[in-house]
Amino acid sequence: MWKTGNADAGLVYATDARRSSKVRVVAIAPESTHEPIVYPVAAVRGSRNQEAARKFIDYLAGPATQAIFRKHGFTIATP
């Protein structure tokens, strides 16, 4: 909804702003003004799909996927 034209201004993640020519960045919040933005991933204990969950996590941690994340402006957190 962030690029529908329903508002004159808004807050969006930098990675989202990069994806649209309709978004104009006018200010950036310095990293010192907020906690790091983290997208965690984990296998849910007791899941009936543990093996698939682990494979998906391994896929996300793989070098090819990490390169895609970096290409789109994400940084990789170290555990």
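The table below lists the values:
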{"read-out": "SER20 being open to solvent by less than 90 Å² (accessible area, probe 1.4 Å) and in contact (Cβ under 8 Å) with a residue 12 or more places away in the chain", "value": "yes"}
{"read-out": "Region 54-79, residues that are more than 30 Å from THR4 (Cβ to Cβ), open to solvent by 80 Å² or more (accessible area, probe 1.4 Å) and modelled with pLDDT of 90 or more", "value": "ARG54, LYS55, PHE56, ASP58, TYR59, PRO63"}
{"read-out": "Selection from region 26-41 of residues that are over 15 Å from the mean Cα position of the chain (by Cα) and either open to solvent by less than 90 Å² (accessible area, probe 1.4 Å) or of a type outside the set (A, V, I, L, M) (or both)", "value": "ALA27, ALA29, PRO30, GLU31, SER32, THR33, HIS34"}
{"read-out": "Filter pass, GLU51 being surrounded by 10 or more Cβ atoms within 10 Å (Cβ to Cβ), out of contact with any strand residue (DSSP E or B) (no Cβ under 9 Å at 6 or more places or on another chain) and not polar (S, T, N, Q)", "value": "yes"}
{"read-out": "Enumeration of residues in region 59-79 that are part of a loop (DSSP other than H, G, I, E, B) and aliphatic (A, V, I, L, M)", "value": "ILE76, ALA77"}
{"read-out": "When residues of region 1-58 are limited to those that are part of a helix (DSSP H, G or I) and in contact with a Phe, Trp or Tyr (Cβ under 7 Å, 6 or more places away or on another chain), the one nearest to GLY73 (Cα to Cα)", "value": "THR15"}
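The values are calculated or read from the model by the stated rules, or taken from the named source; none is laboratory data. Note that this is a predicted model, so its numbers are computed, not measured. When we count neighbours, we look across all protein chains shown, and the Cβ atoms used for this are built from the backbone with ideal geometry, even at glycine. What goes into the accessible areas is simple: the full protein's heavy atoms, side chains included, and nothing from ligands, DNA or RNA. Shrake-Rupley method; radii C 1.70, N 1.55, O 1.52, S 1.80 Å.
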